[in-house]
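Notes to accompany the following structure.
The values are calculated or read from the model by the stated rules, or taken from the named source; none is laboratory data. This one's a predicted model, so the numbers in the text were calculated from it and none came from an experiment. Note that each Cβ is placed from the backbone with ideal geometry, even for glycine, and that neighbours are counted across all protein chains shown.
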Amino acid sequence: MPEEKRSDNRKLFVRQAETNWLIEDLREVDVGEFRSYADLSKAAGIPVDGSSCYLQSARRVLQSEDRIIFRVIRGKGLRRCSDEEKVELGRNDIGGLRRKARKVMDRTLCVDSENLSRDDSCMLRSIQSTVRMISHCSRTKEVKALATTISEKEDVRELKMNEMASRLMLSVTNGKKKRQEGSDA
């Protein structure tokens, strides 16, 4: 069978059959329901565990196309998350962002900026500013303060992402000004 090609002569992406079988099976799982790795193996026709590339692809597709998220039950299988559980997963991921930002900052502090070109020095400062902002904004105190600010809006669903980001940036800026005023006194 000839290989399908796109107009720019690259190969077309074709999802593996095993991934499609897993997607079909997982779409049928109700919120809160559990699906064991043994059941998933039967659906895919191959051994499936938590490290299966087919299962990882299926979960990624379901998240991006259907907004379905599964929580891993280590060594046993997957459980479909409710919207409340999705919020909790996001809350848990915030800590990981903060830890990652600190690691990046630690690495950038090892750079001797005296030896850098102007462009590289600007990039270093940009990276440091970005990760410092991420680290600050991902503090539990800041996330709760933003949630309070957002909750003051009449209809939270109408609040746009850009508006939330602006409020967060404003709270960071105001917090920095307050700390500076306190140190000047």
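Tell me, which helices (runs of 4 or more DSSP H) wholly within the stretch 89-185 include 2 or more residues that are modelled with pLDDT of 80 or more?
Values: elements: 118-137, 140-151, 161-184.
Qualifying helices (runs of 4 or more DSSP H): 118-137, 140-151.
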Can you tell me which of (1) under 30 Å from Val87 (Cβ atoms); (2) over 24 Å from the mean Cα position of the chain (by Cα); (3) not hydrophobic (A, V, I, L, M, F, W, C) is the one Ser121 doesn't meet?
(1)
Result of the Cβ filter at 8 Å on the stretch 117-136, keeping first residues that are in the same structural domain as Ile94 (by TED's automatic domain parsing) and partners that are exposed (fewer than 13 other Cβ atoms within 10 Å of the Cβ) and assigned to a helix (DSSP H, G or I), at least 6 apart or interchain, is Ser121/Ser113; Leu124/Ser113
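If I go through the stretch 69-91 residue by residue, how many of them are over 16 Å from Asp49 (Cβ atoms), of a type outside the set (A, V, I, L, M, F, W, C) and in contact with a helix residue (DSSP H, G or I) (Cβ under 9 Å, 6 or more places away or on another chain)?
2
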Of (1) modelled with pLDDT under 90; (2) under 20 Å from the mean Cα position of the chain (by Cα), Lys86 satisfies all except one. Which?
(1)
